[in-house]
Amino acid sequence: KQLYCAQKLSDGSVVRLSNSQYSVFTLFMSMLTPVLVVLVAAVCAALWMASRLAKRIVRPLNEMDPDDPNENDCYEELEPLLRKLRAQQYRIAKQEQELSSKRREFEAASRNMTEGIVLLSDSAEVLSINEAAKRLLNLRTDATGKKITELCEGEEIRRLVSMAQNGIRAEAVLPPSYGSRQVNASPVMSEGKLSGIVLLIFDISEKEKAEQMRREFTANVSHELKTPLHTISGCAELLQNGMVKPQDIPMFAENIYIYNEAQRMIALVEDIIKLSRLDEGAVNM
């Protein structure tokens, strides 16, 4: 922007002056380049200093050992964090000790069980299985992590697992290829949702043998009781119809009431009562 001024003097001469004046925009544009240079230099210097400062600040955090908070050498601002880490480490160690103790107790109990126990996930994968279960289910390979329906043949296992996954407790007897085996499937619920399944396997061969012996015993007792009953019935019928001589009546009565058949029946009944008390586990027997 040019400014001009002219002044005529007394002697007739003229004095002329001119001056150049920069506008605000021109001044800003002329200062923009050094300002940008300074700004870029300041930003680079700030980033470099911030990076070094950040590394110094986080170095104690990176070098901190969370497994052993007592051995960390940090500044005071990290002391509350270290206290929380120490408290958390103590709780974790206590919980691990309790879990380890419970695991040992469970393994000891399941190892000494004659019944088989299998813990399944909600998708029927084997989480834990004891030796009795492997023996009762005829398993020769490591079953952990595999689906029980793939390890055991037969529709009964699939049906039990399916019912347990639907929250229904069920039991069934396995096919003869497994021997005399009974399986109980129980769902494990947590907050209304299925979290796992427990299978209990029992060897019921002794139970079946006891049932067979009970049936045979009942048949034998019935047969033994029929003989004196027929004798008593026959003697009573002869006496009732007057087909016995008067001098023989005492002998028939004796056979009925006192010595022979009646005493035999009483002995049989007493044996049945004793066996029943033994079966119920009477202490004094």
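The values are calculated or read from the model by the stated rules, or taken from the named source; none is laboratory data. The model shown is predicted, which means the values in this text are computed figures rather than measured ones. Positions of Cβ are generated from backbone atoms using ideal geometry, with glycine treated the same way; all protein chains shown enter the neighbour counts. SASA here: full protein model, heavy atoms, side chains in, ligands and nucleic acids out. Shrake-Rupley method; radii C 1.70, N 1.55, O 1.52, S 1.80 Å.
Solvent-accessible surface of the stretch 1-58, averaged per residue with a 1.4 angstrom probe and all protein chains in place: 93 square angstrom.
Using only helices, what value at 222 nm comes out for the chain when you add -39,500 (n - 2.57) per DSSP H run of length 4 or more and divide by the total residues, to the nearest 500 deg cm²/dmol? Dividing the helical sum by the residues of the chain leaves -19000 deg cm²/dmol. Going by alpha carbons, how many degrees (0 to 90, nearest 10) lie between the helix axis of 79-111 and the longest principal axis of the chain? That helix lies at roughly 20 degrees to the long axis. Considering only alpha-carbon pairs that sit under 8 angstrom and 6 or more positions apart, the relative contact order computed for the chain is 9 percent. Taken about its Cα centre, the stretch 117-229 carries a charge dipole of roughly 100 debye when the Cβ of each Lys and Arg holds +1 and the Cβ of each Asp and Glu holds -1.
Determine the share of the chain's accessible area contributed by carbon and sulfur atoms, expressed in whole percent, with a 1.4 angstrom probe. With neighbouring chains kept in place, the figure for the chain is 56 percent. Could you sort out which of LYS147/LYS193; LYS226/LYS274; LYS134/LYS193; LYS147/LYS207 sit more than 25 Å apart by Cα distance in this structure? Too far apart for the 25 Å limit: LYS134/LYS193; LYS147/LYS207.
The charge dipole of the chain, taken about its Cα centre with unit charges on the Cβ atoms of Lys, Arg (+1), Asp and Glu (-1) only, comes to about 2000 debye. The long axis of helix 205-240 is offset from the longest Cα principal axis of the chain by roughly 30 degrees. Heavy-atom accessible surface of the stretch 97-145, averaged per residue, reaches 62 Å², computed with a 1.4 Å probe. Using Cα atoms only, what is the angle between the long axis of helix 24-63 and the major principal axis of the chain, expressed in degrees (0 to 90) to the nearest 10? With rounding to tens, the tilt is 30 degrees.
Pick out which of LYS193, LYS134, LYS245 has the largest mean-square fluctuation in a Gaussian network model of the chain, springs linking Cα atoms closer than 10 Å. Looking only at LYS193, LYS134, LYS245, the largest GNM fluctuation is found for LYS245. With springs only between Cα atoms under 10 Å apart, run a GNM on the chain and tell me which of LEU36, LEU78, LEU136 wobbles the most. Of LEU36, LEU78, LEU136, the Gaussian network model singles out LEU36 as fluctuating most. If you build a Gaussian network model of the chain, linking Cα atoms that sit under 10 Å apart, which residue out of LEU200, LEU61, LEU39 swings the most? Per the Cα network of the chain with a 10 Å cutoff, LEU39 tops the list.
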